[in-house]
Amino acid sequence: MSKVLALINSDHRSVRWGTVIFSLLVGAALWESVGWSFNQAIMAPLIGGADHPGTIPRLYKYIVHDEEYRLSLLQSVQLFSTGFALAVVFSVPLGIIMARLATLRVALESYILVLYVTPMIALIPFILSILGFDFWPKVLVVFLFAFFPILYNTLEGARSVKPELLEVAKSFRSSEVAIWFDVLIPYTLPYTLTGIRQAAGRALVGMVAAEFFLATSGLGEELITASRNFDMAGVLATILVITGLGITFMRIAQAFEQKYSAWRGVNR
Amino acid sequence: MSVDLNADGPADGQSDRSARIEINSIGKRYGDLQVFQDINLDFNEREIVTIVGPSGCGKTTLLRCIDGLLPVSEGEIRIEGELMTTPREGVAMVFQHFGLFPWKTVFQNVGYGLKLAGASKAEIAEKVPYFINLVGLDGFDSSFPYQLSGGMQQRCGLARALAMEPSVLLMDEPFAAVDAQTREILQFELLRIWDMRPMTMIFVTHSIEEAVLMGDRVVVLKGRPSSVFEIIDVNLPAPRDRSTLAHPRFSELREHVWGTLMDEVRAAEFDVN
Ligand SMILES: Nc1ncnc2c1ncn2[C@@H]1O[C@H](COP(=O)(O)OP(=O)(O)O)[C@@H](O)[C@H]1O
Ligand SMILES: [Mg+2]
């Protein structure tokens, strides 16, 4: 009995991977059986077959054989990357400057807190009425979704820089610019990257929301079209694509996070 | 480790690496808290002065003022006649908390001050290994601070300060955070390094033994707000080494300072509890 328990709780590689695979198989089987027991306009199975079109075959068709779908995917990725990159470029320096200048921080802090907790999706009608339907209003939506988590975490990080280290810098007669590169940025980077990881998930929501509510385009449009046609396999396949994007962005951010926080002596 | 004690360091040949420091009736206040007052001290060239006093009596604050990190509230500090207002070339500090940059390697930490001072890559590549070797950290160039023991981290902090080839070295309880055996080793190594390149050293400690062992003179801080209670000429034979600890004069001085500070230490203890 205790041997069985020890095996179950072991974090040996083979046990861990075995558990992951088993769990995924159970999930897939469940999905498959639910898919087969509903009408195809309500739910699609994973693999599917005759008169129950499957999600995986549809995904394969989309990615491999559907030029138009690939264009939609590219459109979405472009939208995401542009909005996200702009959010990083603006939020990181602002966060560090705010940590260095108490007055600026006091002036902006309440706005940031309010906007950080505001559901950005509620702002979409304003953006629509003020800026219209183009590419750039959509970028603004993605930007807004990503901006505040990064700013917030960067500010937290830059504010928690050890005063002892700033004192060392001062004692060695460092210039303000050198303080940024030697102390503030390296210290803040792990926090910023945590913000970036959180922001990646939010920006993805922003991307789909923008493609829904402004001029439909990209994966959002594919999703709407498929759902209007009661094509559940298509809907689920697109959801899988979006999920895949999310996991990819998150993993990339995580990899950076680990790389640049190695000096903390954890994750080893 | 073998270091030739008279090795040609990168900056050998500079005959004058020491400075004269004058402290004229300085005081320091944090708001309503008067930390110390009416402190008058002179530090000579190539002299080791230890400053001893109980925790919280303002030793760190005093060093910060001397380094130019903090303005004094009263009086003035002059180094080579120049008024001290902001950190100055030729003065380097070793911190109680080590103050290493955790994301920099030992090499980068030791080269930090040189880089800020505008040294070329070649100059840094020449000097840094010399000082890493001097403090006995050979082979750890590319280690990060979290991979080093406390004693080794402070060796790194010491090398970073020495690399500036300062004429004034300020030491703020540099060995307070390392274990007892390591502390002893580091004390003697520091004296050995000082012998090779003598400079004005102001060494702050709360350990009476350390103060007597390291100092040419011992300054005893006492009172609330604190001020200089006594300045003792140590006059122990050079070189100071383990045998110094057994010298009758050493225990005599230690007991003397202990007697002076005992009531103060007690008061501080009750203050904390
Ligand atoms: N930045 C500061 N603001 C207010 N009080 C301070 C500050 N730094 C130190 N103090 C106070 O000044 C006194 C002396 O501190 P410090 O110089 O660190 O003493 P020591 O180094 O001798 O232990 C302590 O009572 C401490 O609480
Ligand atoms: Mg102190």
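Dipole of chain A computed with +1 at Lys/Arg Cβ and -1 at Asp/Glu Cβ about the Cα centre; of A:Tyr111, A:Met98, A:Ser171, farthest Cα towards the positive end is A:Ser171. Positive end of the dipole of segment B:98-165 (Cβ unit charges, origin at the Cα centre): among B:Pro102, B:Ala159, B:Ala117, the Cα lying farthest that way belongs to B:Pro102. Using R0 = 51 Å, the C-beta based FRET efficiency linking B:Gln34 and A:Leu104 works out to 0.90.
Between B:Asp179 and B:Arg192, residue separation times 0.36 nm minus the direct Cα-Cα distance comes to 2.7 nm. Pairs of Cα atoms nearer than 8 Å and 6+ residues apart set the relative contact order; for chain A it is 22 percent.
Helix by helix, which DSSP H runs in chain B go 27 Å or more along their axis at the Cα atoms and have an average Kyte-Doolittle hydropathy of -1.0 or more? Intermediate results must be reported in sequence, preceding the final value.
Values: long enough: B:248-272 (34 Å, -0.43).
Long hydrophobic helices here: B:248-272.
Centre-to-centre, using Cα atoms only, segment A:207-260 and segment A:49-92 are separated by 6 Å. Dimensions of segment B:98-165 from C-alpha coordinates, computed as largest minus smallest value along each principal axis and given longest first, are 30, 21, 18 Å.
In this structure the amide hydrogen of B:Ile48, modeled in the peptide plane, comes within under 5 Å of the amide hydrogens of B:Met201, B:Asp216, B:Arg217, none closer than 5 places in sequence on its chain. Projecting the Cα atoms of B:Leu186, B:Pro198, B:Pro225 onto the charge dipole of segment B:128-237, computed from C-beta unit charges around the Cα centre, puts B:Pro225 farthest toward the positive end. What the phi angles of segment A:2-11 give under the Karplus curve with 6.51, -1.76 and 1.60, with θ = phi - 60°, is a coupling list of 5, 5, 4, 4, 4, 5, 4, 8, 5, 9 Hz, glycine and proline written as x. 3J(HN,Hα) couplings calculated from phi for segment A:46-55 with the Karplus curve 6.51 cos²θ - 1.76 cosθ + 1.60 (θ = phi - 60°) are, in sequence order, 6, 9, x, x, 4, 6, 9, x, x, 6 Hz; Gly and Pro show x. Between A:Gln258 and B:Tyr146, the FRET efficiency from the beta-carbon distance, with R0 = 25 Å, is close to 0.95.
Using the crude model of +1 on Lys and Arg Cβ and -1 on Asp and Glu Cβ, and no other charge, please compute the dipole size for segment A:44-267 relative to its Cα centre, in debye to 20.
Working: 16 positive and 16 negative charges, 136 e Å.
Rounded to the nearest 20 debye, it is 660 debye.
Calculated mean residue ellipticity, 222 nm, chain B: -11000 deg cm²/dmol, from DSSP H runs (n ≥ 4) at -39500 (n - 2.57) each, averaged per residue and rounded to 500. Under 5 Å from the amide H of B:Leu70 lie the amide H atoms of B:Cys65, each residue being 5 or more positions distant or on a separate chain, with H modelled from the backbone and absent for Pro and chain starts.
Within straight-line reach of A:Lys3, meaning a Cα separation under 19 Å, sit the following aspartates and glutamates at least 8 residues removed in sequence or on another chain: A:Asp11. If you wrap the tightest convex hull around every Cα atom of chain A and split its volume per residue, you get 193 Å³.
Counting only alpha carbon atoms, the long axis of helix A:13-37 and the longest principal axis of chain A meet at about 50°.
May I ask for the Kirkwood hydrodynamic radius of the protein assembly as shown, worked out over all distinct Cα pairs and given in angstroms to one decimal? Mind dumping the intermediate values first?
Working: mean 1/r = 0.0352 Å⁻¹.
Computed over Cα pairs of the protein assembly as shown, the Kirkwood hydrodynamic radius comes out at 28.4 Å.
Put in line by how crowded their Cβ is, counting other Cβ atoms within 10 Å and starting with the fewest, B:Tyr112, A:Tyr60, A:Tyr260 read A:Tyr60, A:Tyr260, B:Tyr112. With both residues required to sit in the protein assembly as shown, DSSP beta bridges show an antiparallel share near 50%.
Centre-to-centre, using Cα atoms only, segment B:136-206 and segment B:47-100 are separated by 17 Å. Here the simple spin-label model places points 7 Å from the Cα toward Cβ, and for B:Glu76 and A:Phe38 these points are separated by 8.5 nm.
Any idea what log10 I(q)/I(0) is at q = 0.13 Å⁻¹ for segment A:131-217, Debye with uniform C-alpha scatterers and no solvent? Values, matching the q order: -0.55. Per residue, chain A reaches -25500 deg cm²/dmol at 222 nm when only DSSP H runs of four or more residues are counted, each adding -39500 (n - 2.57). Note on chain A: GNM, Cα springs under 10 Å; of A:Pro119, A:Pro53, A:Pro45, the largest mean-square fluctuation is that of A:Pro119. Pairs exceeding 30 Å between alpha-carbon atoms, taken from A:Lys162/B:Lys28; B:Lys28/B:Lys121; A:Lys170/B:Lys59; B:Lys104/B:Lys222; A:Lys170/B:Lys127: B:Lys28/B:Lys121; B:Lys104/B:Lys222.
Each residue, A:Leu74 and B:His247, gets one label point 7 Å from its Cα in the Cβ direction; the gap between the two is 8.3 nm. In a reduced charge model with +1 at each Lys and Arg Cβ and -1 at each Asp and Glu Cβ, the protein assembly as shown shows a dipole moment near 1480 debye about its Cα centre. For chain A, the longest principal axis of the alpha carbon atoms and the long axis of helix A:218-228 meet at an angle near 30°. Cα-based values for chain B, radius of gyration first and Dmax second, are 18.4, 55 Å.
Every number in this text was worked out from the coordinates using simple rules, so none of it is lab data. Bear in mind the structure is a predicted one, so any value in this text is a computation, not a measurement. For neighbour counting, all protein chains shown are included, and Cβ atoms are generated from backbone atoms with ideal geometry for every residue, glycine included.
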